[in-house]
Amino acid sequence: MSLLLTIVTVSAFDHTRLKSTLESTQLLPSGVEHIFIIPENDLDSRNLLEGASVQGKQLKFSFDTNSGVYSAMNLGATMASGTYVIFWNSGDLMYSLSELEIFISELESSKPTWAIAQGVLESGAVHENSHLEVWNFRNQKVGSYVSHQVIV
């Protein structure tokens, strides 16, 4: 199977939260890669990611030039090999491997232009967007919002 999904995580000098994200994605389904973008002088994060790369994970990492989060996100998108891309922050976690596998299966079978996944907040509460919220977001209604961490 070719790469279907790329998770891009942007992090800057946030070693503890980056480590949590990395640990939560130790096992990824085939067809999923994880790209990390960190500042070139963030040595703690670099060492953490180099150690994970040696373990054979489906991950890549690169360095930005401290030009801001959007520049780093664009770099990650440029590096992405997946058909779909999702952006996570440092500290975001994969809640369930089986749920991700189901989501991947849905992407494979329906081939949508874009999709919205379900997220779990740091408090542990599950956040589900209602059909109305998604419709408002899609139609760019003023005040509508869907977190970038769940948009694929």
Suppose we keep only residues that are of a type in the set (A, V, I, L, M, F, W, C) and under 23 Å from residue 2 (Cα atoms) within region 15-38. Which one would you say is surrounded by the most Cβ atoms within 10 Å (Cβ to Cβ)?
36
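Conditions tested, residue by residue: (1) in contact (Cβ under 8 Å) with a residue 60 or more places away in the chain; (2) in contact with an Asp or Glu (Cβ under 7 Å, 6 or more places away or on another chain); (3) of a type in the set (S, T, N, Q); (4) surrounded by fewer than 16 Cβ atoms within 10 Å (Cβ to Cβ).
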{"site": "59", "(1), (2), (3), (4)": "no, yes, no, no"}
{"site": "94", "(1), (2), (3), (4)": "yes, no, no, no"}
{"site": "97", "(1), (2), (3), (4)": "yes, no, no, yes"}
{"site": "112", "(1), (2), (3), (4)": "no, no, no, yes"}
{"site": "119", "(1), (2), (3), (4)": "no, no, no, no"}
Go through the residues of region 111-122 one by one and say whether even a single one is among the small types (Gly, Ala, Ser), within 24 Å of residue 26 (Cα to Cα) and under 12 Å from the mean Cα position of the chain (by Cα).
yes
If you scan region 30-58, which residues turn out to be among the aliphatic types (A, V, I, L, M) and modelled with pLDDT of 85 or more?
32, 35, 37, 38, 43, 48, 49
From (1) on the phi < 0 side of the Ramachandran plot; (2) modelled with pLDDT under 85, pick out the condition that doesn't hold for residue 66.
(1)
Contact list please: Cβ distance under 7 Å, first residue in region 127-152 and closer than 24 Å to residue 93 by Cα, second residue modelled with pLDDT of 85 or more and part of a helix (DSSP H, G or I), pairs at least six apart or on different chains.
145/137; 146/133; 146/134; 146/137
When residues of region 39-50 are filtered for being open to solvent by less than 30 Å² (accessible area, probe 1.4 Å) and either closer than 21 Å to residue 94 by Cα or aliphatic (A, V, I, L, M) (or both), how many remain?
2
Kindly indicate whether residue 152 is of a type in the set (Val, Ile, Thr) and either closer than 22 Å to residue 30 by Cα or at pLDDT 90 or above (or both).
yes
Determine whether region 65-72 contains at least one residue that is open to solvent by less than 60 Å² (accessible area, probe 1.4 Å) and over 15 Å from the mean Cα position of the chain (by Cα).
yes
Given the structure, is residue 131 in contact with a Gly (Cβ under 7 Å, 6 or more places away or on another chain) and open to solvent by 70 Å² or more (accessible area, probe 1.4 Å)?
no
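The values are calculated or read from the model by the stated rules, or taken from the named source; none is laboratory data. For clarity, every value in this text was computed on a predicted model and none was experimentally measured. Cβ sites come from the backbone with ideal geometry, for glycine too, and all protein chains shown count toward neighbours. Side chains are part of the model used for accessible areas, which takes the heavy atoms of the whole protein and leaves out ligands, DNA and RNA. Shrake-Rupley method; radii C 1.70, N 1.55, O 1.52, S 1.80 Å.
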